[in-house]
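**Student:** Quick one: the structure is below, and I'll ask about it shortly.
Derivation of every value follows stated rules applied to the coordinates shown; laboratory data play no part. Predicted model, so just to flag it, every value in this text is computed and none were measured. Methodologically, a virtual Cβ is constructed for each residue, glycine included, from the backbone with ideal geometry; neighbour enumeration extends over all protein chains shown.
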Amino acid sequence: MTLRAFCLALLLGSALPALAQESYPNHSDPALSPAARPPRPAEQVVAGLSHKDVNITTNFDGSDIIIYGAIKRETPIPFGPPLDVIVTVEGPAQSLTIRKKERHLGLWINTESVRIGAAPGFYVVATTGPLDKILTPEQDASYRISIPRAIRAFAGPITVSDTVPFTEALVRLREESDAYRLDEGAVTVVEQTLFRADVKMPANLIEGDYSTRIFLLRNGEVIDTYRAPIEVRKVGLERWLYHLAMAQPFLYGLMSLAIAIAAGWAASVAFRALRRK
């Protein structure tokens with residue numbers, strides 16, 4: 001075992017026993033009869049996060065989360081293709097309308113629109129290799145892993161003949177703002193047993209409950225999964241201002257106007273003082 005693997009094993013040894021209970025499905029749920037319990041996979045994911053809380057403050061510029069874990073086995077490592085790991089981090093779902101603009105008589109006007117009922121505000125996919133090489137389309141459809149699959153539902157009647165350009169436009173815009181990201185090769189696996197992924201959370205996160213999913217794969221098939229939550233919350237002055245804007249928008253507007261007037265007056269006084277020198 002390499003030095004790197006040994007150090008990671010020491011870290012996992014102290015953290016994983018307490019985290020193993022979060023893995024799903026629950027193969028030992030006493031509420032289920034032995035016949036109803038799903039079969040225990042030969043290889044299971046046991047994982048943890050460097051931290052499960054992200055605090056958004058006035059100077060928040062993003063956060064890095066380390067997702068680490070190990071493969072639990074009761075038998076030797078199977079022969080065959082190497083193990084692959086996919087990690088997804090998903091933010092709260094949002095409903096939104098995507099509109100298509102066309103130029104008519106020199107003016108850009110909205111011509112068609114599609115209402116999407118559930119699209120994550122943030123979505124990252126980190127993998128051990130090219131996603132289309134390590135995951136079959138059928139498994140992607142079942143587990144909704146890739147970015148297009150994360151956009152789950154359309155709301156209301158669909159009035160356009162093809163919705164694909166609209167979802168592609170949404171993905172492109174959110175990729176440009178770093179809200180959607182595919183990080184191929186960002187997950188490292190050591191000796192078919194230990195793995196690690198470093199996920200960058202951008203500064204434009206929205207508040208809410210985020211979900212981390214880990215998929216263990218062989219031959220493009222998912223053999224085990226794991227889920228863990230991440231809580232993103234505004235704290236301090238940022239949280240107070242946010243709740244003031246939501247609960248008392250008129251008061252928030254007056255306060256913002258007063259601050260703007262005071263800042264403008266202070267700037268003019270400072271400018272006049274500099275000119276006298």
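**Student:** Could you derive backbone 3J(HN,Hα) for the range 266-271 from the dihedral phi with the Karplus parameters 6.51, -1.76 and 1.60 (θ = phi - 60°), listing whole Hz in sequence and x where the residue is Gly or Pro?
**Tutor:** Along the range 266-271, the couplings run 5, 5, 5, 5, 5, 5 Hz.
**Student:** Give the long-range amide H neighbours of I230: residues separated by 5 or more places, or on another chain, with amide H under 5 Å away, using H modelled in the peptide plane at 1.01 Å from N.
**Tutor:** Y210, S211, T212
**Student:** When the Karplus curve 6.51 cos²θ - 1.76 cosθ + 1.60 is applied with θ = phi - 60°, which whole-Hz ³J(HN,Hα) does each residue of the range 171-176 get, with x for Gly and Pro?
**Tutor:** For the range 171-176, the Karplus curve yields 4, 4, 5, 6, 5, 5 Hz.
**Student:** Quick one: which residues, 5 or more positions from K52 or on another chain, have an amide H under 5 Å from its amide H? H modelled 1.01 Å from N in the peptide plane, none for Pro or chain starts.
**Tutor:** Long-range HN contacts for K52: none found.
**Student:** What are the residues whose amide H is under 5 Å from the amide H of A186, where those residues sit 5 or more places off or on another chain and H is modelled from the backbone?
**Tutor:** The answer is T127.
**Student:** Tell me, what ³J(HN,Hα) does each residue in the range 45-52 have, in order and in whole Hz, if you take phi through Karplus 6.51 cos²θ - 1.76 cosθ + 1.60 with θ = phi - 60° and put x for Gly and Pro?
**Tutor:** 8, 10, 9, x, 10, 4, 7, 10
**Student:** Classify the range 97-196 as rounded, prolate or oblate, taking a ≥ b ≥ c as the square roots of the eigenvalues of its Cα gyration tensor: rounded when a/c is under 1.5, otherwise prolate if a/b is larger than b/c and oblate if not.
**Tutor:** Prolate, since a/c reaches 1.5 and a/b exceeds b/c.
**Student:** Another one. List the aspartates and glutamates whose Cα sits under 18 Å from the Cα of K101, skipping any in the same chain fewer than 8 residues away.
**Tutor:** Within reach: E112, D162, E168.
**Student:** Using 0.36 nm times the number of residues separating R172 and S95, minus their current alpha carbon distance, what extension gain do you get?
**Tutor:** The R172-S95 span can extend by a further 26.0 nm.
**Student:** The range 95-146: which trypsin sites (Lys or Arg not before Pro) are DSSP loop and have at most 10 other beta-carbon atoms within 10 angstrom?
**Tutor:** none
**Student:** How about K234: which lysines have a C-alpha closer than 29 Å to its C-alpha, ignoring those fewer than 8 places off in the same chain?
**Tutor:** K234 reaches K52, K200.
**Student:** Moving on to the next point. When Lys and Arg each count +1 and Asp and Glu each count -1, what net charge do the other residues less than 14 Å away from G62, Cβ to Cβ, add up to?
**Tutor:** Summing Lys/Arg as +1 and Asp/Glu as -1 gives -2.
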